[in-house]
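So the structure is just underneath, and the comments pick up after that.
The values are calculated or read from the model by the stated rules, or taken from the named source; none is laboratory data. What you are looking at is a predicted structure, and each value in this text was computed from that prediction instead of being measured. FYI the Cβ positions are ideal-geometry reconstructions off the backbone, even for glycines, and counts take in every protein chain you see. Surface accessibility is based on the protein's heavy atoms, side chains included, excluding ligands, DNA and RNA. Shrake-Rupley method; radii C 1.70, N 1.55, O 1.52, S 1.80 Å.
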Amino acid sequence: MHAMANEQPEPWEVATYDDEAGFDKRTAETLAALAETTFAARSKAVSTCPDTGQRVQTWALEGETIYSPYTGRAYKQGATGYFGPRARDDEGRITAFGGDPLKYDLPPATVYLMKHPGDVETEAFLSIPGNLNQQYHFAAANWARFLGLAGEQMDDDWHTAFREAVAEYREQRRPSDGPDREHAEMESVHDLVGEEGELLGGNVHDGGTENHKTMWRTSGLLYAQKFGSDATISGHKADEAERLITHMIAEYLELSLEKGNGEYDSSIYYPHSIRGFLNLYDFSPDPQTRELAKAALDFYYLTYGLKVFNGNFTGPQKRGFVDGFGLGEMDTMLWAFFPETTQPMPESEQVALHLATSDYRPNRVIRNIVTKQIDLPFEARIARPTYHLRTPNACQETFYCSSGFALGSIAMTMVDNPGQQTIWALNARGNEGSFVFGGGHPATAGPIGHSPYDQVIQKRGAMVMVTGQTGDRPEGELDAEQQRRFEHAADALTQLPLDAPAVERVKRAGELAETWVYIPRNVDDIVEREGSVYIEAGDAYIAIRPLVEEYGWLRTSEDDDDSAMQDLARYDVLVIPGDRTGFVLDAADRADHADFDAFVESIKHKTDLDTSALKEEGIVRYRSLAGDELEMTYQPTRLRAEGRINDGPIDWSNWAGGGVYESPYLRIRDGKLKVTDGEQGYSLEFEDGRPVYRHWDGT
């Protein structure tokens, strides 16, 4: 995998990463900050002293007698809280906690022990049987990291107890899914090894999504390899566990090159999948396993990075929304490797422990694509599968990146976890970060979310979005897409006067026949002229053209009592009402126009918007600033529009050239990944379950 001494490294190798000193500097604060982070408190039971009213934390179970540290009064412990103790063994040791507190507590405990070897209290905390038994997803990935970084500090008795916990681990509850679901039993019993024959070892009902399964399987594989052949992993002999999990991971990666990733581009959950593979890359004793891990990490950083602009992810994602206002974990996992952004970063910004202590580095080709050190503009088409990779090309994405902005959107055929999805976003580079726009039917009263009333098409920097009422139910048997429309959007949307109180509009948002466009309040300028809205946002100019004559504004304040109103205070929200309504968005680089007024005049004279057939036929026609002809026909009994772009109909069935990714820089089709930065390139495919890299000249 690595070049020999004095040899030029291959373009796919980690040795081509050329900012090691910068990476070290950007991650330097992580260990120091984690070492100062409190742990072992969240898993204690919480109560209130009856004499002083002050908070009391103990290791008590519900119903046990505790004594106030303030007055000594004896009283009974009530409910122990989401993370609190749940059970004891015959020796009085806690054997179970609620939730999974080690999702949060294990990283700081790991670093504290690294910096304070032999610390008695930390070792005792890590030896509580209830902590050893925590192997649910997030905690398992943290334990795997702990073993590699600080495991050697624990004595033989601890390692014996830990291996016994791993050997017996089974799970039939949901400790990571919040208080309302912590005791909700799953249909199947799950473990570290998983179910043979299921993608990444987890069934489609309750086996977890890709990130959950990745954390479980990668941890189980590392345990099997580190503990030795005599060990047991969730009831499986270590050799069998290693064989099963290795096959699952290789199969998953191969399928990702055939169908794509079901949990595509998730800014929330990609960090967790990445953690699992970092553990294998850094600590697996098996070279082939490390090769698999590297291929997975390259895939994640490359596919996610294709849509990164100014350090911020742009466009559709399965779960999450990057708003440009704050930093998420994936943002910092990018910044650690690629600091090229105008986003202000705190000097003490923390990076995930797994990344800060890893030897993995994205290669130079990946770095150039993430940082857009490539020829711009470019357009990409991406075919997205369903979760668990059951159906390829279920949804179709368009992404466009220019020198001043990026825009991405997706045509949906299903309603799946709609509250966490991003359907479209525009990212314009500013002097201090990015301006990120979103919108659509206000099902969530925020820029994140998929509403089944919305449909969209895009070509380059122009996008048409229509929000409409559901039509009459067709006669006969409905196909799958129609069934989803009538299951999730059967209710008629209602009208609300534009001058209605803002608080009423926000509270009723999901039922309204409206489209909202979320415009960051800190943009440089907003101008309204002749029924259109023009925006100056950093390095981009943007025109938003409502499809109906009337529109209004929703402006809230951080001082509002309602939390939903406070959340919207960062935006000027353009409200476009109607039974069939929406907007056209057209964006351009600032550098292509003499000034803002020149852009406005270009939109007026070079573009054409025809909505004459919108009300009766659902048709919108638009000639964009780039000269593209877009025609959308809204489908009131479906989730995805039909239409034409330039000279031909939109062929959703043959998206991305029949592959997964189609772009000048990244192509994925028929199980092979090809990538180039315009200077160097390589391909990746699997042969006999192993990743194979080869040179590719970009043709």
Checklist line | Positions within the stretch 578-595 being out of contact with any Phe, Trp or Tyr (no Cβ under 6 Å at 6 or more places or on another chain), open to solvent by less than 50 Å² (accessible area, probe 1.4 Å) and not β-branched (Val, Ile, Thr), in sequence order | finding: Gly578, Gly582, Phe583, Leu585, Asp586, Asp589
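Residues checked against (1) open to solvent by less than 70 Å² (accessible area, probe 1.4 Å); (2) assigned to a loop (DSSP other than H, G, I, E, B):
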residue	(1), (2)
Glu10	yes, yes
Lys25	no, no
Ala28	yes, no
Arg42	no, yes
Ser47	yes, no
Gly53	yes, yes
Tyr75	yes, no
Notebook entry, point to check: Arg555 passes all but one of (1) under 30 Å from Thr342 (Cα atoms); (2) surrounded by 15 or more Cβ atoms within 10 Å (Cβ to Cβ); (3) among the basic types (Lys, Arg); which number fails?
Noted result: (2)
Note to self: Criterion first (farther than 30 Å from Pro9 by Cβ, open to solvent by 80 Å² or more (accessible area, probe 1.4 Å) and at pLDDT below 95) does Asp697 satisfy it?
What the structure shows: no
Notebook entry, point to check: Say we look at the stretch 243-275 and pick out the residues that are open to solvent by less than 10 Å² (accessible area, probe 1.4 Å) and among the aromatic types (Phe, Trp, Tyr); which of these is nearest to Trp335 (Cα to Cα)?
Noted result: Tyr270
Next item on the list: Note down all Cβ pairs under 7 Å where the first residue falls in the stretch 80-105 and is within 17 Å of Glu168 (Cα to Cα), the second is buried (at least 20 other Cβ atoms within 10 Å of the Cβ) and hydroxyl-bearing (Ser, Thr, Tyr), and they're at least six residues apart or on different chains.
Entry: Phe97/Ser43
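Residue-wise test of (1) within 23 Å of Trp655 (Cβ to Cβ); (2) assigned to a loop (DSSP other than H, G, I, E, B); (3) of a type in the set (Phe, Trp, Tyr).
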{"site": "Val436", "(1), (2), (3)": "no, no, no"}
{"site": "Pro442", "(1), (2), (3)": "no, yes, no"}
{"site": "Pro447", "(1), (2), (3)": "no, yes, no"}
{"site": "Ser451", "(1), (2), (3)": "yes, yes, no"}
{"site": "Ile457", "(1), (2), (3)": "yes, no, no"}
{"site": "Val466", "(1), (2), (3)": "yes, no, no"}
{"site": "Gly471", "(1), (2), (3)": "no, yes, no"}
{"site": "Pro474", "(1), (2), (3)": "no, yes, no"}
{"site": "Leu496", "(1), (2), (3)": "no, yes, no"}
Next item on the list: Identify, from the list Gly440, Gly461, Gly446, the residue that is buried (at least 18 other Cβ atoms within 10 Å of the Cβ), touching an Asp or Glu at 6+ places or on another chain (Cβ under 7 Å), on the phi > 0 side of the Ramachandran plot and in contact (Cβ under 8 Å) with a residue 12 or more places away in the chain.
Entry: Gly440
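Restricting to the stretch 498-529, what's the tally of residues that are among the basic types (Lys, Arg), open to solvent by less than 70 Å² (accessible area, probe 1.4 Å) and assigned to a strand (DSSP E or B)?
Going through the stretch 498-529 one residue at a time, the tally reaches 0.
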Check: Can you pull out the residues in the stretch 555-578 that are within 22 Å of Ile535 (Cβ to Cβ) and part of a helix (DSSP H, G or I)?
Finding: Asp567, Leu568, Ala569, Arg570
Notebook entry, point to check: Residues of the stretch 476-492 being part of a loop (DSSP other than H, G, I, E, B), closer than 24 Å to Leu547 by Cβ and either among the basic types (Lys, Arg) or open to solvent by 30 Å² or more (accessible area, probe 1.4 Å) (or both), which ones?
Noted result: Ala490, Asp491, Ala492
Item checked: Subset of the stretch 55-73 [without any contact (Cβ under 8 Å) to a residue 24 or more places away in the chain and either over 20 Å from Phe97 (Cα atoms) or open to solvent by 70 Å² or more (accessible area, probe 1.4 Å) (or both)] -> Arg55, Gln57, Glu62, Tyr67, Ser68, Pro69, Tyr70, Thr71, Gly72
Checklist line | Members of the stretch 374-414 found to be farther than 22 Å from Ala428 by Cβ, open to solvent by less than 10 Å² (accessible area, probe 1.4 Å) and not hydrophobic (A, V, I, L, M, F, W, C), listed by number | finding: Arg384, Pro385, Gln396
Item checked: Tabulated pairs, the stretch 332-353, first at negative phi, second at pLDDT below 85 and among the hydrophobic types (A, V, I, L, M, F, W, C), C-beta under 9 angstrom, 6+ apart or interchain -> Thr332/Met345; Trp335/Leu327; Trp335/Met345; Pro339/Met345; Gln343/Leu327; Met345/Leu327; Pro346/Leu327; Glu349/Leu327
Note to self: Please go through the stretch 620-643 and give me each residue that is open to solvent by less than 20 Å² (accessible area, probe 1.4 Å) and hydrophobic (A, V, I, L, M, F, W, C), ordered by number.
What the structure shows: Val620, Leu630, Met632, Leu639, Ala641
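Counting only residues that are under 26 Å from the mean Cα position of the chain (by Cα) and either modelled with pLDDT of 95 or more or surrounded by fewer than 22 Cβ atoms within 10 Å (Cβ to Cβ) (or both), how many does the stretch 81-92 have?
Number of matching residues: 1.
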Check: Where in the stretch 93-190 are the helices (runs of 4 or more DSSP H), entirely inside, with at least 2 residues that are more than 20 Å from Met215 (Cα to Cα) and open to solvent by less than 40 Å² (accessible area, probe 1.4 Å)?
Finding: 102-115, 120-126, 156-168
Next item on the list: May I ask you to verify whether Leu278 is in contact with a helix residue (DSSP H, G or I) (Cβ under 8 Å, 6 or more places away or on another chain), open to solvent by 20 Å² or more (accessible area, probe 1.4 Å) and assigned to a helix (DSSP H, G or I)?
Entry: no
Note to self: Considering only residues that are at negative phi, among the hydrophobic types (A, V, I, L, M, F, W, C) and either touching a Phe, Trp or Tyr at 6+ places or on another chain (Cβ under 9 Å) or not in a loop (DSSP other than H, G, I, E, B) (or both), which ones fall in the stretch 656-698?
What the structure shows: Leu666, Ile668, Leu673, Val675, Leu684, Phe686, Val692, Trp696
Margin query: Is it the case, given these coordinates, that Asp608 is surrounded by 16 or more Cβ atoms within 10 Å (Cβ to Cβ), in contact (Cβ under 8 Å) with a residue 12 or more places away in the chain, among the acidic types (Asp, Glu) and closer than 20 Å to Tyr541 by Cα?
Written below: no
Checklist line | Every residue from the stretch 582-608 that is over 19 Å from Ile519 (Cβ atoms) and touching a strand residue (DSSP E or B) at 6+ places or on another chain (Cβ under 7 Å) | finding: His593, Thr607, Asp608
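Based on this model, can you work out whether Glu549 counts as assigned to a strand (DSSP E or B), under 27 Å from Gly408 (Cα atoms), open to solvent by 10 Å² or more (accessible area, probe 1.4 Å) and without any contact (Cβ under 8 Å) to a residue 40 or more places away in the chain?
The answer is no for Glu549.
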Notebook entry, point to check: Checking Glu195 against (1) acidic (Asp, Glu); (2) buried (at least 17 other Cβ atoms within 10 Å of the Cβ); (3) assigned to a helix (DSSP H, G or I), which test does it fail?
Noted result: (3)
Notebook entry, point to check: Taking interchain pairs and intrachain pairs at least six residues apart, which have beta carbon atoms under 8 angstrom, with the first residue in the stretch 372-394 and part of a loop (DSSP other than H, G, I, E, B) and the second β-branched (Val, Ile, Thr) and crowded, with 16+ Cβ neighbours inside 10 Å?
Noted result: Lys372/Val308; Pro385/Thr391; Pro392/Val660; Ala394/Thr386; Ala394/Thr413
